[in-house]
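Here's the structure we're looking at; comments come further down.
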Amino acid sequence: MRRKVKGLININPLQTGGILTEEARKALLEWCDGYSICDFCKGRLEEIENPPIKRFVEEELPNFVNADIVRITHGAREGMFAIMHAICEKGSYVIVDANAHYSTYLAAERCGVEIAKTGNSGYPEYKIIESDYANLIEELKKKGKKVSLLVLTYPDGNYGNLPSVEKVVKIAREYDLPVLLNCAYSVGRMPIDMKKLGVDFLVASGHKSMAACGPIGFIAMRREFANVIAKKSKYFPRKEVEFLGCTVRGAPLITLMASFSHVKERVKHWDEQVEKARWFSREMEKLGIKQLGEKPHSHDLMQFESEELFKISQKHKRRGYFLYHELKKRGIWGIKPGLTKRFKLSTYAASKEELKIVIDAFKDILQAYKA
Ligand SMILES: *Cc1c(COP(=O)(O)O)cnc(C)c1O
C-alpha cells in the first residue's frame, strides 16, 4: 500500500502541522512494534523513565504550555471526553462556541451531557459572540438546568478564527465555571500559555499540530483538578481510571517526543506564519477568491470562497472534482476532492515560494476555463 503524495506541496489543513520531522520518522521505525515503550514499565505510562516519558509528561509538556499537570491522550477529542467524563454530571450542560468541532459534541454525547451553543456573526467572518456564554448561562439557570463546563475552540477548524479567551474566562469567573480550551489547531503551532490565558483545561492534538504520527494528544490542567481527572482506581491503586491505566502505548508517543525540540522551536516563529497566511490571503483575493473568517487573519487555516470556480465545476465533465485534479496536476495536494465553491487550506507547511506556485495554479486554472 502506497501513498502517492511525496513531493507534492501539501496545503491540507488536517495534515500540515502533523508532518513528521526526520528524527520522528527514524524513531517511528525503531519503536514500531507493539508495546515497544513498555520494556521498563513501572506500572503506569507516565512513570516510564526509559524512554524518558516521565520527564516529558512531568516537565517538558507542562513547561511548554505553562500547565500544572499533563496527561497523554489519543487526541484532542479523547482529551475533551476524559475531562467532560470526569467533571460534568450526566444531564448537565456544556456550553460550546458556535464553531466547535463535531468531536466536541460527540464527547459530550458519550458522557450523557447536553450541549448549548453560542452564536457567531455569520457570513463572512463567523466570529464567535463571546457574550453569548453569559446569556446561555442565565437562560439555562432560569430553566433550572446546571451548567458544568464552558468549551472554547481556539482556533476552530472551519475558519481558523481566534476568539477572545479573555472574554470567555471573565464570564466563567463570574459564574465560577471551568473553561476548557480546545487547542487542536494551536498547541504546537503558536505559543500557548495556559496560565496567562486563565483557562482551567486545554486539549492538544499531536497528529494535528505537533509533528507526530498519532493518534496522540494531551490534556493539560490546573492542579486543583488533578484529583478528579487523574483519579486512581480503587482496584489498582497505581492506575488512573479516566485513562484506563495507560493511553498511548507505543510509537505515536515516541514520534511526539522525537519532534518536540523542533516543535518548541517552531512556535517561536508563529508571527512569520501569520504574515505568510495574510500575504497568501491577499494574493487569493486579487484573483477574486474570497477569504472567509476573521480579517486580517491570524492563523494558517483559512476557508476560501469562489463563485467562479463553482461556475466552472458546473460545466466541467469532472464536475466538482476538477479543481482537485487540476491542482494535483500542478503538484499541489490538499484541497478536498469535490469542493470548489468553498474550500479550506493551510499555508503552514509550504514555503512562500511553494505558495507562489499555488497562487499561480489558481490563476492559471481560472484563466484556462474563463468563459
Ligand atoms: C482536528 C480537530 C479536533 C480533533 O482532533 P483529534 O486529535 O483528531 O481528536 C478537535 N477539535 C478541533 C478544533 C480540530 O480541528
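The values are calculated or read from the model by the stated rules, or taken from the named source; none is laboratory data. No experiment lies behind these values; they were computed from the predicted model shown. All Cβ positions, glycine included, derive from the backbone under ideal geometry; neighbour counts span all protein chains shown. Note: accessible area is taken over every heavy atom of the protein model, side chains too, but ligands, DNA and RNA are not part of it. Shrake-Rupley method; radii C 1.70, N 1.55, O 1.52, S 1.80 Å.
Inspect region 259-278 for any residue being open to solvent by 70 Å² or more (accessible area, probe 1.4 Å), assigned by TED's automatic domain parsing to the domain that holds Tyr123 and under 30 Å from Glu89 (Cβ atoms) and give the result as yes or no. Taking every residue of region 259-278 in turn, none turns out to be open to solvent by 70 Å² or more (accessible area, probe 1.4 Å), assigned by TED's automatic domain parsing to the domain that holds Tyr123 and under 30 Å from Glu89 (Cβ atoms).
Being in contact with a Gly (Cβ under 6 Å, 6 or more places away or on another chain) and open to solvent by less than 10 Å² (accessible area, probe 1.4 Å) is the filter; apply it to region 189-209 and report the residue that is farthest from the ligand (Cβ to nearest atom). Across region 189-209, the extreme among qualifying residues is Arg189. Of the residues making up region 225-244, none is farther than 17 Å from Thr104 by Cα, open to solvent by 10 Å² or more (accessible area, probe 1.4 Å) and within 18 Å of the chain's Cα centre (by Cα).
The sole residue among Gly34, Gly43 that is at pLDDT below 95 and either farther than 30 Å from Val358 by Cβ or among the polar types (S, T, N, Q) (or both) is Gly43. Scanning region 341-371 for residues that are of a type in the set (Ser, Thr, Tyr) and open to solvent by less than 10 Å² (accessible area, probe 1.4 Å) turns up Ser346, Thr347. Annotation: of all residues in region 325-335 being open to solvent by 50 Å² or more (accessible area, probe 1.4 Å) and without any contact (Cβ under 8 Å) to a residue 60 or more places away in the chain, the one that is nearest to Ile128 (Cα to Cα) is His325.
Within region 26-52, residues that are under 25 Å from Ile69 (Cβ atoms) reach partners that are assigned to a loop (DSSP other than H, G, I, E, B) and among the polar types (S, T, N, Q) with beta carbons closer than 6 Å, at six or more positions or on different chains, in the pairs Phe40/Asn50. When residues in region 286-324 are screened for being open to solvent by less than 10 Å² (accessible area, probe 1.4 Å) and in a loop (DSSP other than H, G, I, E, B), 7 of them pass.
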